[in-house]
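Inspection log for the structure reproduced underneath, given as structure tokens.
Read-outs: derived from the displayed coordinates by stated rules, not from any lab. None of these values were measured; they are calculated from a predicted model. Because the Cβ atoms are built from the backbone with ideal geometry, glycine has one as well, and the counts that use them run over all protein chains shown.
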Amino acid sequence: MPTRLLPRRAPAPGPDGPRGADRDARRSARFLPYAVGTVLLLGSVLAGLLVGAADLPVRGVLLALLDELPFVHVDHGLTPVQYSVLMEIRMPRVLGAVLVGSLLAVAGAGYQGVFRNPMADPYLLGAASGAGLGATLVIAYSSADSVGGVGIVPLAAFVGAIAGVMLAYALGATAGRADGTATLVLAGVAVSAFLAAVQTFVQQANVDELRRIYAWILGSLSSIGWDELALVAPYAAVSTLVLLLHGRLLDVMTVGDEEAAVLGVNAARVRFVVLLAASLATATAVAVSGLIGFIGIVVPHAVRRLVGGSYRRILPMSVLLGGAFLVVADIIARTATAPGELPIGVVTAFVGAPFFVIVLRATRQVGL
Amino acid sequence: MTDLKVTGLRVARQRCEVLHGVDAEVRAGGWLAVIGPNGAGKSTLLKAVAGLLPYTGEVTVDGVRLRDLPARELARTLAYTPQNPVVPPQMPVREYVLLGRTPYLGYLALPGRRDRAVADQVIERLDLTALATRDVGTLSGGERQRVVLARALAQQAPVLLLDEPTTALDLGHQQQVLELVDRLRRDDGLTVVTTLHDLGVAAQYAERMLLLVNGEAAASGTAAEVLTPAGIAAHYNAHVEVTTGPDGRPRVHLIRPAQVRAEQAEVPTGGSARHDADA
């Protein structure tokens with residue numbers, strides 16, 4: 001091996017050398033996916049605002065959006081009804097889709113990083129079954145619709161999701177001695193099965209509420225309004241920010257708990273913080289939309305194929321593409337059987353699975 | 001220049017004591033090879049020194065007790081590569097080497113210009129430039145070993161602990177990796193501790209040796225002092241011949257037991273026929 005042993009602190013080559021050009025190329029290659037992701041997200045949002053039962057003129061919608069920007073005043077020419085459809089119905093729904101899609105995708109990426117397992121998804125530790133039980137319980141037994149202005153079903157789903165994850169984490173963390181991820185996953189499986197059994201029992205005991213329960217479980221974005229958005233925005237912002245900040249540490253975690261420790265990183269602590277943030281993101285999404293599957297596992301994988309294995313890129317790209325994906329899925333849910341509406345969870349799987357296969361095949365040569 | 005000293009090291013794994021009070025010392029810039037039969041506690045010793053296993057006793061570097069150091073400080077003092085490193089499925093070599101800069105980064109900080117420069121220098125130095133954009137998972141065994149070593153070097157720690165750095169490597173790659181470690185040791189004054197199962201190889205490179213048997217130090221000293229035919233026969237249950245090379249270092253040769261040789265000499269054809277039948 002012709003090993004060239006250069007002095008330890010070799011002078012860095014000048015910025016004009018071939019290295020400089022190489023670095024510029026690397027830098028622009030690094031930002032290109034984000035630009036594409038942002039364009040896709042904005043494009044899908046625009047499509048989501050334009051498509052629907054009421055025909056809105058493209059030009060009017062664009063001008064109305066422009067008019068919303070600070071210091072810009074243009075005459076959009078929409079009728080009051082059209083304007084109301086745009087701003088009170090479509091806008092919150094599309095933004096809700098962006099929010100839920102981003103949260104589930106980034107939470108899924110976080111779970112996959114923490115468990116070093118590509119099959120991990122945001123519902124791995126009992127968030128889904130916990131939320132399902134919470135929602136089922138209040139649909140079946142609660143006479144109130146809201147508590148302190150907050151819808152009781154979203155509240156119960158949120159609390160149930162957090163409780164489910166906490167239960168699984170507490171069980172897994174106390175049972176496992178060595179590398180904690182395997183026992184954590186097993187605890188998640190056990191907790192999920194248990195909570196799902198209780199949920200099914202409650203559901204069967206209240207057959208008259210079956211429709212409402214199923215409607216919630218299959219997921220829907222139709223109940224998202226400005227109030228709901230304002231309510232969940234802080235949780236969404238905090239959990240997303242924490243996850244995005246942990247990209248580098250999740251990269252360190254890919255070499256295993258032991259080697260991470262050798263590099264001075266406490267893997268158990270990083271895992272706890274990331275799981276906390278990812279579970280908060282999941283609970284927030286579940287509270288406003290019910291159980292929407294597939295996004296949390298498909299989007300991070302597609303992203304991984306596009307930008308490589310580093311979580312510093314996977315996490316932000318998952319935010320962008322998760323949002324775009326759910327907006328598109330929601331457009332399909334609203335229009336495929338118009339005037340009826342498909343459950344969004346059905347669409348994400350129906351559209352997502354073939355889409356995922358296409359991504360896998362198209363990127364086969366660059367991927368694993 | 002950094003001395004590593006281990007005193008009375010006791011380690012228990014799953015409530016069963018594996019190391020029973022081991023002493024070891026490496027002078028700054030030295031190379032200590034930990035040898036011993038399978039299950040003697042070689043890897044356990046290295047892991048304990050690296051801070052991965054709880055232990056009683058003392059491990060000091062330049063008189064500083066390692067157990068008192070915070071995790072990041074420890075990682076700047078001591079780099080460790082495990083016997084079977086976990087290879088991330090999808091990570092370019094450059095990013096993987098950059099992980100070695102982790103001990104220099106705050107909790108949420110990102111690697112800066114200087115960290116990238118250090119990583120790039122190590123990559124260049126280990127002749128990995130051509131592989132820098134390849135994924136670690138696609139590398140051959142020898143390349144991977146160098147990449148893992150590069151990650152450890154990016155830690156810029158004065159003490160390097162390598163657990164079986166040459167397992168799964170063919171002869172040529174074994175030699176390349178060990179020559180590389182030796183040159184790094186001499187150029188930078190790194191203190192090196194390796195476990196090595198191949199006594200012949202260990203004798204060629206290490207300055208000092210520690211023979212571990214059943215969790216205790218059975219012998220320690222220079223290669224010539226530790227590698228005696230009687231000692232190897234007793235602890236490894238192996239028949240060897242030890243000669244002295246022109247460099248004064250012992251050379252260990254595996255010899256088939258005398259009884260077998262005698263039988264083969266008597267009936268060479270029968271012997272080979274029986275050998276074929278066995279195979």
*Can you give the net charge of the other residues whose Cβ lies under 14 Å from the Cβ of residue A:106, counting K and R as +1 and D and E as -1?*
+2
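What's the FRET efficiency of residue B:198 with residue A:238 using the Cβ-Cβ distance as r and R₀ = 51 Å, to the nearest 0.05?
0.40
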*What list of ³J(HN,Hα) values in whole Hz, one per residue of the stretch A:46-51 in order, does the Karplus curve 6.51 cos²θ - 1.76 cosθ + 1.60 (θ = phi - 60°) give from phi, with Gly and Pro shown as x?*
4, 4, x, 6, 8, 8
*Starting from the amide H of residue B:19, placed 1.01 Å from N in the peptide plane, find each other amide H under 5 Å away whose residue is 5 or more places distant or on another chain.*
B:11
*In nanometres, what is the gap between the two model label sites at residue B:244 and residue B:222, each 7 Å from Cα along Cα-to-Cβ?*
0.9
*Could you work out which residue, out of A:309, A:110, A:96, moves most in a Gaussian network model of chain A, that is, has the largest mean-square fluctuation with Cα springs under 10 Å?*
A:309
*What net charge is computed for the residues neighbouring residue B:37, neighbours being all others with C-beta under 13 Å from the C-beta of residue B:37, Lys and Arg scored +1, Asp and Glu -1?*
-1
*Using θ = phi - 60° and the Karplus curve 6.51 cos²θ - 1.76 cosθ + 1.60, what whole-Hz ³J(HN,Hα) does each residue of the stretch A:273-279 get, with Gly and Pro shown as x?*
5, 5, 5, 4, 5, 5, 6
_Burial ordering of B:31, A:226, fewest other beta-carbon atoms within 10 Å first_ = A:226, B:31
*asked:* If amide hydrogens are placed 1.01 Å from N in the peptide plane, which non-local residues have theirs closer than 5 Å to the one on residue B:219?
replied: B:211
*State to the nearest 20 debye the size of the charge dipole of chain A about its Cα centre, where the only charges are +1 on K and R beta carbons and -1 on D and E beta carbons.*
1620
*Divide the volume of the convex hull of the Cα atoms of chain A by its number of residues and quote the answer in cubic angstrom per residue.*
195
_If each residue of separation counts as 0.36 nm, what is the full-extension length gain between residue B:68 and residue B:14 once their alpha-carbon separation is subtracted?_
17.0 nm
*Which listed residue (B:160, B:30, B:221) has the Cα farthest towards the positive end of the charge dipole for chain B, taking +1 on Lys and Arg C-beta and -1 on Asp and Glu C-beta about the Cα centre?*
B:160
*Going by C-beta contacts inside 10 Å, put B:107, B:96 in order with the fewest on the left.*
B:107, B:96
_Can you work out the Karplus-derived ³J(HN,Hα) for every residue in the stretch B:112-128? Use 6.51 cos²θ - 1.76 cosθ + 1.60 with θ = phi - 60°, whole Hz, and x for glycine or proline._
x, 4, 5, 4, 5, 5, 4, 4, 5, 5, 4, 4, 5, 5, 8, 6, 10
*Could you grab the relative contact order for chain A? Cα pairs under 8 Å, six or more apart, rounded to a whole percent.*
25
*Tally Lys/Arg at +1 and Asp/Glu at -1 over every other residue whose Cβ is under 14 Å from the Cβ of residue A:44; what's the total?*
+2
*Springs between alpha-carbon atoms under 10 Å, Gaussian network over chain A: tell me which of A:248, A:211, A:304 tops the mean-square fluctuations.*
A:211
_If I model a spin label as a point 7 Å beyond the Cα along the Cα-Cβ vector, how far apart are those points for residue B:114 and residue B:5 in nm?_
3.1
_Within the protein assembly as shown, percent of DSSP bridges classed antiparallel, to nearest 5_ = 65
*Using 0.36 nm per residue, how much length does the chain from residue A:146 to residue A:117 gain when fully extended, once their Cα-Cα distance is taken away?*
6.6 nm
*For the stretch A:18-117, Kirkwood radius (reciprocal of mean inverse C-alpha pair distance, Å)*: 16.5
_Residues B:195, B:77, B:228, sorted so that the one with the fewest Cβ neighbours within 10 Å comes first_ = B:228, B:77, B:195
*Name the most mobile residue of A:250, A:315, A:306, meaning the one with the largest mean-square fluctuation, in a Gaussian network model of chain A with Cα contacts below 10 Å.*
A:306
